[in-house]
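Trainee: Before I ask anything, let me first share the structure, which is written out below as structure tokens.
The values are calculated or read from the model by the stated rules, or taken from the named source; none is laboratory data. Since we're looking at a predicted model, the values are computed, not measured. Cβ sites come from the backbone with ideal geometry, for glycine too, and all protein chains shown count toward neighbours. Protein only, heavy atoms only, side chains kept; ligands, DNA and RNA dropped before computing areas. Shrake-Rupley method; radii C 1.70, N 1.55, O 1.52, S 1.80 Å.
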Amino acid sequence: MFDFNENNEVISGHMYRAILVGVSFGEDITASMEELDSLAEAAYVEVLGQMVQPRERPDKATYIGKGKVEELAEMCANMEANTVIFNNELSGMQLRNLEDALGVTVLDRTILILDIFAARATSSVGKLQVEYAQLRYRMPRLLGFGKSLSRTGGGIGTRGPGEKKLETDRRHIQSRMDEIKREIKETEVSRGVQRNKREKSEIPVVALVGYTNAGKSALMNRLLTRSEKEGKSVFEKDMLFATLDVSQRCIKLDSNREFILTDTVGFVSKLPHSLVEAFKSTLEEVLYADLLVQVVDVSSEDCEFNMQVTNSVLKEIGAGDIPMIVAFNKIDRRENKYDIPVTSRESISISAKYDINIDMLEEKICDIIFSNMRKASLLIPYNKGSISSYLCDKCSVAAMEYKDDGTYFEVELNPADYSRLTQYMVR
């Protein structure tokens, strides 16, 4: 695992050499193991090999049973692995027993995801949310985490809360969790004020949602480029969880229409419940969106599964009924560009990287979020120049003509402006 600078670039550290372990309880875990491999890559872990075991139920002591533990210990010795990462969530006792038996660092999928989140969170609220999730995960595992909590440095599975003493007790952790809750609550108040301002301005909100690394940040940057706001671009990289913090940008179209575009944290299968809970205040930004754009990596063999995971998380946070457009991204990588998954939602195939069909996506977005716009003919007196300026700057003007008694406009107005400007309408 490496340490990162403020731009998420590797600056130092030592390589973790890992074996991945998955247990199947009658289901196909191929896709899940491939994703675990990608998660390990995102944490800069060198994956040496995999072990997959079918079982009817997990072993209480070691999850995989005594025989498999011996086989795994031999693999670690032969491959010179110093880390084992389980695709399943382990109890504190299982973590301790496995480390004692294997003599290497043992992590589970949740620890790995939490570590990636801790490395990538940049905003103060993002860091608080990750710390809360880490503490919540560690609380019932204090016994098994005895060694882990004593480790120092920025290694995988140790990044974050900074509790280094074995005698750290539940009361101390609970106290810190309560403190974090209060701090997050304060940030929610601030976001609520900003949200109220947006609602009063009648500017629609569009939220980008989807599986991690589907291209949400790339799409946001493409839309910013098209609206000549490249300087407002967000960080993007072809890796899982490249960005965690919510970003909001104003997109202004050629027609003077504008909307707030929100880029949210990506989803992943088996997303730790502690993370979902911790990030609810961030994810709840989605609830205030007028439209969701689900970005799907259509070049992925698991794109339909990824859509199911995204829809499941959206339903869990109460956003399942918000209008949605499905943007099948990375169409340039899809071998069969016509074999696109079927969805009951409005959909379009795009490439954020190569600006393919982005104009059509913008049109679809506008058709939905500006469906309440009303056409009006206005005659604005010359002594009301501020209104004329507002119409030119903020509204979609179809025609404008200077008359003897004022400026004539044919314009589209939102409901609030339509009501406010009734007295200037030409009947």
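Trainee: Quick one: which residue in GLU199, GLU186, GLU179 is open to solvent by 60 Å² or more (accessible area, probe 1.4 Å) and modelled with pLDDT of 90 or more?
Mentor: Step by step, each of GLU199, GLU186, GLU179 is checked, and only GLU179 is open to solvent by 60 Å² or more (accessible area, probe 1.4 Å) and modelled with pLDDT of 90 or more.
Trainee: Looking only at the range 255-268, count every residue that is in a loop (DSSP other than H, G, I, E, B), open to solvent by less than 10 Å² (accessible area, probe 1.4 Å) and farther than 18 Å from ARG222 by Cβ and tell me the total.
Mentor: Of the residues in that region, 2 qualify.
Trainee: Please work out which one of (1) open to solvent by less than 20 Å² (accessible area, probe 1.4 Å); (2) over 24 Å from the mean Cα position of the chain (by Cα); (3) modelled with pLDDT under 65 is the condition LEU166 fails and give its number.
Mentor: (1)
Trainee: If you don't mind, there's one more thing I want to ask. For the range 18-46, which positions are in contact with a Leu (Cβ under 6 Å, 6 or more places away or on another chain) and at pLDDT 95 or above?
Mentor: ILE19, LEU20
Trainee: TYR382: open to solvent by 40 Å² or more (accessible area, probe 1.4 Å) and more than 30 Å from GLN294 (Cβ to Cβ), yes or no?
Mentor: Considered against the rule, which asks whether it is open to solvent by 40 Å² or more (accessible area, probe 1.4 Å) and more than 30 Å from GLN294 (Cβ to Cβ), TYR382 comes out as yes.
Trainee: Are any residues in the range 323-348 among the polar types (S, T, N, Q) and open to solvent by 30 Å² or more (accessible area, probe 1.4 Å), and if so, which ones?
Mentor: Hits for the range 323-348 are ASN336, THR343, SER344, SER347.
Trainee: Sticking with this one: Just give me the residues in the range 333-349 being among the basic types (Lys, Arg) and either touching a residue at least 24 places away in the same chain (Cβ under 8 Å) or over 22 Å from LEU219 (Cβ atoms) (or both), in sequence order.
Mentor: ARG333, ARG334, ARG345
Trainee: Scan the range 350-379 and report the pairs whose first residue is over 19 Å from ARG420 (Cα atoms) and free of Cβ contacts under 8 Å to residues at least 24 places away in the same chain and whose second residue is open to solvent by 20 Å² or more (accessible area, probe 1.4 Å) and in a loop (DSSP other than H, G, I, E, B), with Cβ atoms within less than 8 Å and a gap of 6+ or a chain change.
Mentor: Pairs found: SER351/LYS330; SER351/ASN357.
Trainee: Could you count how many residues in the range 4-17 are modelled with pLDDT under 50, open to solvent by less than 70 Å² (accessible area, probe 1.4 Å) and either in contact with a Leu (Cβ under 9 Å, 6 or more places away or on another chain) or part of a strand (DSSP E or B) (or both)?
Mentor: 4
Trainee: Just one of SER396, SER349, SER386, SER371 is among the small types (Gly, Ala, Ser) and touching a Phe, Trp or Tyr at 6+ places or on another chain (Cβ under 6 Å); which is it?
Mentor: The conditions single out SER349.
Trainee: Identify the single condition in (1) modelled with pLDDT of 75 or more; (2) assigned to a helix (DSSP H, G or I); (3) open to solvent by 20 Å² or more (accessible area, probe 1.4 Å) that SER217 does not satisfy, given that it satisfies every other one.
Mentor: SER217 satisfies all of (1) modelled with pLDDT of 75 or more; (2) assigned to a helix (DSSP H, G or I); (3) open to solvent by 20 Å² or more (accessible area, probe 1.4 Å) except (3).
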